[in-house]
Amino acid sequence: MNIRAPKDFWSGVMFLAFAAAALLTARGYSLGAAGRMGPGYFPMLLGGVLALLGLVLVARSFVIAGEPVGQLHLIPLSVIATSVCLFGLAIERIGLVVSLILVIAVSALASRESRLTETSALALALAAFSVGVFVYALRLPLPIWPKL
Amino acid sequence: MDLFGNLAIGFGVALTLENILYCFVGVLLGTLVGVLPGIGPVTTVAMLLPISFTLQPVSAMIMLAGIYYGAQYGGSTTAILVNIPGEASSVVTTIDGHQMARQGRAGPALGIAAIGSFFAGCAATLLIAVAAPPLAAIALEFGPAEYFSLMVCGLIAAVVLARGSVIKAIGMVVLGLLLGLAGTDVNSGIRRFDFGFQGLADGIEFVALSMAIYGIAEVAYNLEQKSEAGVVAGAIGRIWPSTADMVHCTPAILRGTVLGSLLGVVPGGGALLAAFGAYTLEKKVAKPPRLFGQGDIRGVAAPESANNAGAQTSFIPMLTLGLPSNPTMAMMIGALMIHGIAPGPRVMTDRPELFWGVVVSMWVGNLMLVVLNLPLVGVWVRLLRIPYRLLFPSIIAFCCIGTYTINTNVFDVFVMAFFAIFGYLCLKLDCEPAPLILGFVLGPMMEENLRRALLISRGDPSVFIDEPISLAFLIASALLLIVVAAPSIRARREQALQE
C-alpha cells in the first residue's frame, strides 16, 4: 500500500504520538467516575479522541490522495532553535547585553542574506534599545552585565 | 441599562493622559507591524504581554487592543502600495487596491481604506457598547453545562472556519486542550504531564507557546519563502477621495461594516474572515460588478471596512463570555489572567472601568489611526525598506526577552525552543496553529465546567441535552460539522478560503 496523502499521514502520526504520550502518562492519574472526575478523566478522554483522529488521518491517507510534504529546511530551524537555547543558557550568567548579541549573531546565520556589518550594527542597536527600554524604562528584572 | 453613564465611566478612564499615551503606543505599534509583512499582531501582542504586566490592567488592555485594530489599518497600506498583504486580513485589498495604485490612484485607495476603517471602527465600537451588556447578563445565568457546550460550539466553529482539513483542525484543538492541562490539577493537586520538569509545575507558559508558534516557527517558515522586494508603485498623489468616489463607496462601506461586525463575533472569525466575506459579497451585489479586479475602489472600501469592524467586534465574545474567537483574543485573555482577572461576564459588572475604558479607547484609537495613517503614509512606506534579514533576528531576540521576563524563568525559554520546532512541523503539515492556541486557553476551563456539570448531575451526561441552552449549542455544533462535511459546501468553502 502506498501513502497517497503524505501531509495527512504525518499529521496523523504526530497526533498518534501525542495521544500515546498523553494516554501513557495519564494512566498514572486516578480516573474517578463521571460524577466525581479524577485528574485522569479528561486527559484520558482527550487522548482517546486524539488517537482516534490520528487513526482516521492515517487510514484516510492510504485512500484519498493529497499533497506531499514540502521540503524541510532543518538547518535554519535548528540554528534558530539553538540561538534561543543559547539565550536561555546565557541570560542569567552573562547578562542581557552579551546574550542579545549572541542570539542575534547566531540566529542571523539562519539566512544566507545576512551581512556581517549590518548584523553587528543591529546587535549593538538592539542591545542598547533593550537595556534602555526593558531595564531602565520598564524595570524588568534583567541582569545587564555578567555576574562577577 | 444606562449606556451613557457607562460611556461616561469609559471616557473618564480612556481620556486620562496615561491611557491616551498607551492607546497611542498601541495603535502606533499596530500600524508598524501592520505595514511590515512577516510580523503580525499576534506576535506583537505576545511580545508585549510581559511588558503589560508592569502596567495597570486597563492600560495594558487598551494598548494591546490598539495593536490589533491598528494592524488592520497598517496592513492596507502595504497591500495597496506594494501588492503584498502587510496583514493576512488585507490579502483581498491587494486585488483592487494595487490595481488602483498602478493606475496612479494610490492616494484615494489609501484614503478610502482609512475612511472606511474609521467609520467601521466607530460603528463596531458602538455595537460592542450596546450588545455586550445584555450578552453578559445572559451569560451570567449560564451554568457549567451551558458553558461547556458553549465552548464546544465555539471550538467547532473555529475549526470549521480554519483553512484546510477539518479533521486536522479538530486534532489541533484536542491537542491544544491536552497541552492546556499540563501542570498542577487544581482539584487533586496532582501534577499532570510535567515529565519530571519542575518548570512545568504551573503548566506550559502561554506566552512561551504562542511566541514559539507565532514568532519563532513563523520566522523559520518565512525564511524559506522567497523574499519579495518592496517596490512601491507610482506616486501616492492626492489622498482625499473625490465626492464621486465617496458616493460610490458609501454602500460598500456600509455593507462591509455590517458583514464585518457579524463575522467578527463568530468564533474563528475576526478580521480575516470579515475581509474575505465582504469582498465576496461586494462582487455579488455591487452594480456594476465588472470592474472588480481592475482597480474598483469599492473592492478596497468593503474589505477594509469589514476587517476593522471584525477586529473590533471580536472583542465581544472575549469581554462578555471569556471566550477567545481568534489567537489575538486568546492573548488578551492571557493578559487578563496575568493580572489575576478571570475573563467572563463578571468583568463588566465587577470592573466596569476596565470594560468601558477599553471600549471607549477604541474610538480614541481609531481617531488617532486616521491621523497617523493619512498624513504620515510616507513615513510608513519608508519602513517597508527594512529587509527581513534585519527583522527576523530582532523578532527572535524580543521573543527570548519576553518569554524569559514573564516568570523570570529560563525554563520557559527552552519550552519556547521546543514548541518552535513543533510549530514549524505543524506549518509544514498544514496543521493550523490557531485552533491549538484556542484549545490551549480553553483546556482548563472546559475540564472544570465538565467536572462541575457532571458533579451536579451525579455523572449523568444527559444534563448537556436536558438544559435547553446547552442543547442549542450542541445542535449548532453538530449542524456546523454536518455543513462542512457536505461535499457541495465543502468545495465552495475551499474556494472561498483559497482565493
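The values are calculated or read from the model by the stated rules, or taken from the named source; none is laboratory data. The structure displayed is predicted, hence computed values, not measured ones. In this analysis, Cβ positions are derived from the backbone assuming ideal geometry, glycine residues included, and neighbour counts consider all displayed protein chains.
Annotations
- Failed condition for B:Met416, given (1) of a type outside the set (D, E, K, R); (2) within 22 Å of the chain's Cα centre (by Cα); (3) within 17 Å of B:Leu177 (Cα to Cα): (3)
- With respect to (1) surrounded by 24 or more Cβ atoms within 10 Å (Cβ to Cβ); (2) in contact with a Pro (Cβ under 8 Å, 6 or more places away or on another chain); (3) of a type outside the set (Asp, Glu), the lone exception for B:Met337 is condition (1).
- Each residue in the stretch B:254-264 was checked for being surrounded by fewer than 22 Cβ atoms within 10 Å (Cβ to Cβ) and aliphatic (A, V, I, L, M), and 3 of them qualify.
- Here the stretch A:24-62 is the region considered, the condition is being touching a Gly at 6+ places or on another chain (Cβ under 6 Å) and either among the charged types (D, E, K, R) or more than 10 Å from chain B (Cβ to nearest Cβ) (or both), and the residue that is farthest from B:Leu450 (Cα to Cα) is A:Val58.
- Residue within the stretch B:428-437 that is within 30 Å of B:Leu272 (Cβ to Cβ), facing chain A (nearest Cβ under 8 Å) and not in a loop (DSSP other than H, G, I, E, B) present: yes
- Considering only residues in the stretch A:128-148 that are within 9 Å of chain B (Cβ to nearest Cβ) and assigned to a helix (DSSP H, G or I), the one that is surrounded by the fewest Cβ atoms within 10 Å (Cβ to Cβ) turns out to be A:Val133.
- Candidate set from the stretch A:65-103 (those that are more than 9 Å from chain B (Cβ to nearest Cβ) and among the small types (Gly, Ala, Ser)); member that is surrounded by the most Cβ atoms within 10 Å (Cβ to Cβ): A:Ala90
- Restricting B:Ile421, B:Ile469 to those that are away from chain A (no Cβ under 12 Å) and either of a type in the set (A, V, I, L, M) or surrounded by 18 or more Cβ atoms within 10 Å (Cβ to Cβ) (or both) reduces the list to B:Ile469.
- Unique match (being touching a residue at least 12 places away in the same chain (Cβ under 8 Å), in contact with a His (Cβ under 7 Å, 6 or more places away or on another chain) and part of a helix (DSSP H, G or I)) among B:Ile80, B:Ile95: B:Ile80
- Residue in the stretch B:98-111 that is under 30 Å from B:Leu15 (Cβ atoms), away from chain A (no Cβ under 14 Å) and over 19 Å from the mean Cα position of the chain (by Cα) present: yes
- Residue match in the stretch B:384-392 (condition: closer than 17 Å to B:Ala46 by Cβ, part of a helix (DSSP H, G or I), touching a residue at least 60 places away in the same chain (Cβ under 8 Å) and within 8 Å of chain A (Cβ to nearest Cβ)): yes
- Some residue of the stretch B:420-430 being within 24 Å of B:Ile67 (Cα to Cα) and modelled with pLDDT of 90 or more: yes
- The listed residue being closer than 22 Å to B:Ser188 by Cβ and either among the aliphatic types (A, V, I, L, M) or surrounded by fewer than 21 Cβ atoms within 10 Å (Cβ to Cβ) (or both), out of A:Tyr29, A:Tyr41: A:Tyr29
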